[in-house]
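Okay, so here's the structure we're looking at.
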Amino acid sequence: MIEFKKTLKQARILSPLKNFEEDTVTFEYRTDPLTGRNTTVIKGMLNYVGRFLTSDGELIRALVEKTRENCPFCPENVKIKTPMFPKNFLTDGRIQVGDAIVVPNLLGHAEQSILAVLSREHHLKLEDFTPRMLLDGFRGGMEYLKRLCEVDASVRFPVFVFNYLTPAGSSIFHPHMQILVRDRPFYLVKLLMDKSQAYWEEHGTSYWRDLIAKEKNGERYLFEVNGVDWLVPFAPLRGLNEAQAVVNGKSSLKELGANEWQGLAEGITSILRFYSAQGYTSFNAILMSGPLDEHTDYFDVNLRIISRPGIQQFCFTDAWAAPYLLWDGEAVEEPERLAERIRAFLKMTQLK
Ligand SMILES: [Zn+2]
């Protein structure tokens, strides 16, 4: 029922890099098996843009120093420089779980927009994120959602969002996560829910269960932790090093138990360790949920994570016109090759 459709196309050029001999460039059009959206796999693109994906260590050190002064999320400032919830929403004004502190956003991306400061450290390499930090943030976020549902049941669609460092769109260096909640789903969440429902009606099974059954232990499959399956998607949404997680049979964040949150936190930190080993410093992730007030058999909570370009003098972005404005997907290498590299890295580091 799930089909992985791809079409190969080639371009021929006389390449100045090969003394103007004929060279072939290969493009692979892949159709997302749920949404039908095209993603073009551009073979060789990862090598071509690779030099823009790593960071200038000295520039980062200078930026860390500079942004540390007056950082609102550093421990000495967080209680005097971040907003508080109104007293009738939360008597204490902020939520603290472990080292995570949950506060409202000064200016967010949704009607209910909050953030969780994840660490007392002003800057973390991607390999330094720990499952504990993420779990504290997740638990703080869930405490907030619980209270929000008590005061306004119409706000049903939460997403947890990571924008880490400036190439990922963050204006604040200090590690944090955002929680955006609306009365209507974000476009991608709605698209995935609508298509999943149509799939359920057509086939009588869950797309997400069928996807994992088909991908499990295949060439794009990565690992499973506590009922959370990790893989590289056949047709990535965005270009760089995209991985996906699916939480088995849970349709909203409210249904997740401690085990599954742990599965998400461990998976994220494993992927971040891989990114770090490639020399990457910045990432985005989204954790998508179905409606909080009902269980749906056709939708599973799922996550996407991507790396972003490096911090360098040369301000490179991977938000090219094709993915950013034309809404197509682009992948800089074959998803199967990426999965192979992640698996090899995790196997090697676990043996140490
Ligand atoms: Zn800070």
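Surrounded by fewer than 15 Cβ atoms within 10 Å (Cβ to Cβ) and modelled with pLDDT under 95, is that true of residue 106?
Answer is yes for this residue.
Of these, 5, 43, 18, which one is surrounded by 11 or more Cβ atoms within 10 Å (Cβ to Cβ) and more than 30 Å from residue 166 (Cβ to Cβ)?
Of the residues listed, the single one that is surrounded by 11 or more Cβ atoms within 10 Å (Cβ to Cβ) and more than 30 Å from residue 166 (Cβ to Cβ) is 5.
Tell me whether region 69-76 contains one or more residues that are away from the ligand (no atom under 14 Å from the Cβ) and more than 21 Å from residue 163 (Cβ to Cβ).
Checked region 69-76: no residue is away from the ligand (no atom under 14 Å from the Cβ) and more than 21 Å from residue 163 (Cβ to Cβ).
Can you confirm whether region 135-146 contains a residue that is touching a strand residue (DSSP E or B) at 6+ places or on another chain (Cβ under 7 Å), among the charged types (D, E, K, R), touching a residue at least 60 places away in the same chain (Cβ under 8 Å) and surrounded by fewer than 21 Cβ atoms within 10 Å (Cβ to Cβ)?
Looking through region 135-146, at least one residue is touching a strand residue (DSSP E or B) at 6+ places or on another chain (Cβ under 7 Å), among the charged types (D, E, K, R), touching a residue at least 60 places away in the same chain (Cβ under 8 Å) and surrounded by fewer than 21 Cβ atoms within 10 Å (Cβ to Cβ).
Taking residue 114 as the residue in question, decide whether it is surrounded by 18 or more Cβ atoms within 10 Å (Cβ to Cβ), away from the ligand (no atom under 16 Å from the Cβ) and hydrophobic (A, V, I, L, M, F, W, C).
Yes: the conditions hold for residue 114.
Test each condition in (1) surrounded by 13 or more Cβ atoms within 10 Å (Cβ to Cβ); (2) under 30 Å from residue 341 (Cβ atoms) for residue 36 and report the one that comes out false.
(1)
Would a scan of region 189-199 turn up a residue that is away from the ligand (no atom under 16 Å from the Cβ), under 21 Å from residue 256 (Cα atoms) and under 16 Å from the mean Cα position of the chain (by Cα)?
yes
Being part of a strand (DSSP E or B) and either modelled with pLDDT under 95 or closer than 15 Å to residue 44 by Cα (or both) is the filter here, so list the residues in region 1-18 that pass it.
8, 9, 10, 11, 12, 13, 15, listed by residue number.
The values are calculated or read from the model by the stated rules, or taken from the named source; none is laboratory data. Only a predicted model underlies this, so the values are computations on that prediction, with no experimental measurement involved. Please note: Cβ atoms are built from the backbone with ideal geometry, for glycine as well, and neighbour counts cover all protein chains shown.
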